[in-house]
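Asker: Shown below is the structure under consideration.
The values are calculated or read from the model by the stated rules, or taken from the named source; none is laboratory data. Since we're looking at a predicted model, the values are computed, not measured. Don't worry about glycine lacking a Cβ; one is built from the backbone with ideal geometry, like all the others, and counts go over all protein chains shown.
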Amino acid sequence: MCGITGYIGEKAATDILVDGLKRLEYRGYDSCGVAGITPKHGLYLKRVSGRVDALDAIIAKDPLRKGVIGIGHTRWATHGVPSEDNAHPHTDCDNQVVIVHNGIIENYLEIKEKLLKTGHKFKSETDTEIVVHLIEEKIKSLNKTGKSGDGDLLEPVFFEAVRRAIEELRGSFAMTILWAKCPNMLLAARQHSPLVIGLGDGENFIASDVSAFLKHTKKAVFLNDGEMAVVKKDSVKYFNFKGNKVEHASVTIQWDSTMAEKGGYKHFMLKEIHEQPESVENTLRGRLLPLKGDILQQEINLPSELIRNIKGVQIIACGTAYHAGMVGRYVFENFGLPASVDFASEFSDRAKIINKDIFIIAVSQSGETADTLYAVREAKASGAKVLAITNTLGSTLTREADFVLYTHCGPEIGVASTKAFIGQMAAMYVLAIHFAVIRGNIFDADARKYVNELLKIPRLIEATLANEGVISDVADHFAKSEHFLFIARHINFPIALEGALKIKEISYVHAEGYAAGEMKHGPIAIIYKGMPVLAIATTSKMLSLVANNIEEAKARGAEVIAIVDEDSREFIKAPRYIVVPRTLEILSPLLTVIPLQLFAYFIALAKKCDIDKPRNLAKSVTVR
Ligand code: F6R
């Protein structure tokens, strides 16, 4: 997640780029910048660590304002902390080629090593910067550096250099590139990261999404993966990465710009629920090798010796992140490593039993939660090493932890956490399998089985999301209920808690999550005729017990909504079903949580609640 803008035409490019960046800030806002070509100063660039308003203020009277071509970027850090140096655009050694990029280049370290050997100097810690140096290298090898003024002749060189550079990249990218020597064209490319061209009259636009240019044109072309665009003021041509021309028909966008920021969804929460296939992909990307069943350590750099020597794992987190931690506990234990999980705010006393043999995993979307930070400090004081699972580069937690595993889910705007949660769970699976492999707790063939199934999860989430209509109907039916109960066993118990938390947060109604087997020990007394009980009953070794618990609830008048898969459905007798695809039991929380998030969303929608900004809550809780 980052926001990209590009403009070529006859108007003041910077005004258009900056205005577009303001509309894209929901995609990231830790630093930003613009670059353009001005008649007097040639290639010109300004960046700030901070939000677009700050950039706008410092370039108010800048010569940059005079150019008619430029590119802009607002960043959500993935590689390299938020800072001016790491802000985009990035330039090559001679400050002639300039790039903005969204995505993750998986093989950037390999490429960087090669480029360093050929004398390239890097000014940032980003993966993006290697791309612009690689383009510089390709231009050199095409051996036609040319002089300024002969731009049109150099255009094929520019195109071919970018195309060849792209051939060497692995990962995801949307990028826009400008070369000072070709002042009449912009290049854009897309692979697994969105990029759209806005078609104007005597001007054209590039952006991560249409909200950046809707004010100027409603005609758009969405690039496909593996495509490039040559964007000039009066024309746009499309190519595949082999350099062959492709055709595109434009579409007319009917949204207004607020709708566009939310991707056409009514709320950020719904958009973020739908982004979850991508969130899992981004958390897994570059970390799982499907064929070897191995896990890359590149980014986290956890020494194998540490993994072999620890005696247990202690997870600390708050709220939704705590539920991801609970899932993590089951996963670690399943692979033979003792694990426990605590609310960060309740950890203080337990911190006393922590020592260097216990490995701490702190989970926090924001990386700024005061309770979690405090618990981490206490654990460190007891001699333990800490790994942070977080979504936020440069956050306090990343600075205090010994190791960091980023979830790379992009900014989560909705206060109720959804896509960050799924990223946290995915990170737990990555770690737990990795630990099990290193400690020799599972056979390679088993690891491969888990990895291969994990890699299928994004597609299965998509299939689950396709059930939205059914979930919305069920939610509408129960929208007036004053109490909700969520029950499940074992690894889906945290998901029952998460389902209840989501309803409480955004609908302000009472909801309880319970371990299904515990119901008969007291809480079953609260069931009344017509009470909605959501029961997770996917295929598992506990299924017959869950089926019994469902019968017990029904016998007391509960209206059961059973979350089942294709295979478990026949064992469960319930008046209402929500079906999710079948996966390995241990991975099932990654799917069962989806209908519960949607259910909570539709209940809140029916109640006309302020879904993205629920009362009494803040996105990041920085007090204890
Ligand atoms: C629930 C929610 C909160 C957070 C909790 C921890 O939807 O968003 O419960 O999960 O406040 O926040 P982070 O993960 O930022 O530490």
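Asker: Any residue at all in the range 171-180 that is in contact with a His (Cβ under 6 Å, 6 or more places away or on another chain), at pLDDT 95 or above and closer than 23 Å to residue 78 by Cα?
Answerer: yes
Asker: Answer with yes or no whether residue 530 is on the phi > 0 side of the Ramachandran plot and modelled with pLDDT of 95 or more. Quick ask: steps written out before the conclusion?
Answerer: Values: on the phi > 0 side of the Ramachandran plot: yes; modelled with pLDDT of 95 or more: yes.
Taking the combined requirement at face value, the residue satisfies it.
Asker: Separate question: Considering only the range 490-503, I want to know if a residue exists there that is outside any helix (DSSP H, G or I) and either in the same structural domain as residue 594 (by TED's automatic domain parsing) or charged (D, E, K, R) (or both).
Answerer: In the first step, residues of the range 490-503 are kept if they are outside any helix (DSSP H, G or I); the result is none.
For the range 490-503, residues outside any helix (DSSP H, G or I) and either in the same structural domain as residue 594 (by TED's automatic domain parsing) or charged (D, E, K, R) (or both): absent.
Asker: Could you identify the single residue in 131, 97 that is in contact with an Asp or Glu (Cβ under 7 Å, 6 or more places away or on another chain) and not acidic (Asp, Glu)? It would help to see each step written out before you state the result.
Answerer: Working: 131 fails: in contact with an Asp or Glu (Cβ under 7 Å, 6 or more places away or on another chain).
Exactly one of 131, 97 is in contact with an Asp or Glu (Cβ under 7 Å, 6 or more places away or on another chain) and not acidic (Asp, Glu), namely 97.
Asker: Only residues that are away from the ligand (no atom under 13 Å from the Cβ) and either surrounded by fewer than 20 Cβ atoms within 10 Å (Cβ to Cβ) or under 18 Å from residue 358 (Cα atoms) (or both): list them for the range 386-397, please.
Answerer: 386, 387, 394
Asker: Exactly one condition in (1) in contact (Cβ under 8 Å) with a residue 40 or more places away in the chain; (2) away from the ligand (no atom under 16 Å from the Cβ) is false for residue 339; which is it?
Answerer: (1)
Asker: Here is a list: 177, 130, 104. Which entry is touching a residue at least 40 places away in the same chain (Cβ under 8 Å) and buried (at least 23 other Cβ atoms within 10 Å of the Cβ)? Walk me through it before giving the result.
Answerer: Working: 130 fails: touching a residue at least 40 places away in the same chain (Cβ under 8 Å); 104 fails: buried (at least 23 other Cβ atoms within 10 Å of the Cβ).
Selected residue: 177, the only one of 177, 130, 104 that is touching a residue at least 40 places away in the same chain (Cβ under 8 Å) and buried (at least 23 other Cβ atoms within 10 Å of the Cβ).
Asker: Let me ask you something else. For the subset of the range 259-280 comprising residues that are among the hydrophobic types (A, V, I, L, M, F, W, C) and within 13 Å of the chain's Cα centre (by Cα), which member is surrounded by the most Cβ atoms within 10 Å (Cβ to Cβ)?
Answerer: Within the range 259-280, the match that is surrounded by the most Cβ atoms within 10 Å (Cβ to Cβ) is 280.
Asker: Could I ask something else about it? Scanning for something within 16 Å of the ligand (Cβ to nearest atom), modelled with pLDDT of 95 or more and crowded, with 19+ Cβ neighbours inside 10 Å, does the range 572-590 turn up at least one residue?
Answerer: Within the range 572-590, the first condition is being within 16 Å of the ligand (Cβ to nearest atom), and the residues that meet it are 589.
Restricting the remaining residues to those that are modelled with pLDDT of 95 or more gives 589.
Subset that is crowded, with 19+ Cβ neighbours inside 10 Å: 589.
Scanning the range 572-590 turns up at least one residue that is within 16 Å of the ligand (Cβ to nearest atom), modelled with pLDDT of 95 or more and crowded, with 19+ Cβ neighbours inside 10 Å.
Asker: Whether any residue in the range 364-372 is surrounded by 19 or more Cβ atoms within 10 Å (Cβ to Cβ) and away from the ligand (no atom under 14 Å from the Cβ) is what I want to check.
Answerer: No, every residue in the range 364-372 fails to be surrounded by 19 or more Cβ atoms within 10 Å (Cβ to Cβ) and away from the ligand (no atom under 14 Å from the Cβ).
Asker: Then there's this: Within the range 404-447, take every residue that is among the aromatic types (Phe, Trp, Tyr) and away from the ligand (no atom under 12 Å from the Cβ) and give me the one that is farthest from residue 592 (Cα to Cα).
Answerer: Among residues in the range 404-447 that are among the aromatic types (Phe, Trp, Tyr) and away from the ligand (no atom under 12 Å from the Cβ), the one farthest from residue 592 (Cα to Cα) is 443.
Asker: Residue check: is residue 359 aromatic (Phe, Trp, Tyr), outside the structural domain of residue 104 (by TED's automatic domain parsing) and more than 16 Å from the ligand (Cβ to nearest atom)?
Answerer: Working: aromatic (Phe, Trp, Tyr): yes; outside the structural domain of residue 104 (by TED's automatic domain parsing): yes; more than 16 Å from the ligand (Cβ to nearest atom): yes.
So residue 359 passes the test.
Asker: Taking the conditions exactly as written (hydroxyl-bearing (Ser, Thr, Tyr), over 30 Å from residue 419 (Cβ atoms) and not in a helix (DSSP H, G or I)), does residue 528 satisfy them or not? Break it down stepwise before answering.
Answerer: Details: hydroxyl-bearing (Ser, Thr, Tyr): yes; over 30 Å from residue 419 (Cβ atoms): yes; not in a helix (DSSP H, G or I): yes.
Yes: the conditions hold for residue 528.
Asker: So which of 400, 346 ends up being without any contact (Cβ under 8 Å) to a residue 40 or more places away in the chain, within 30 Å of residue 125 (Cβ to Cβ) and either among the charged types (D, E, K, R) or crowded, with 24+ Cβ neighbours inside 10 Å (or both)? Steps first, please.
Answerer: On the way: 346 fails: within 30 Å of residue 125 (Cβ to Cβ).
The unique qualifying residue is 400.
Asker: Residues of the range 403-438 being in a helix (DSSP H, G or I), modelled with pLDDT of 95 or more and either surrounded by fewer than 23 Cβ atoms within 10 Å (Cβ to Cβ) or touching an Asp or Glu at 6+ places or on another chain (Cβ under 8 Å) (or both), which ones?
Answerer: 419, 420, 421
Asker: Out of the residues in the range 188-226 that are in a loop (DSSP other than H, G, I, E, B) and charged (D, E, K, R), which is surrounded by the fewest Cβ atoms within 10 Å (Cβ to Cβ)?
Answerer: Ranking the candidates gives 201 first.
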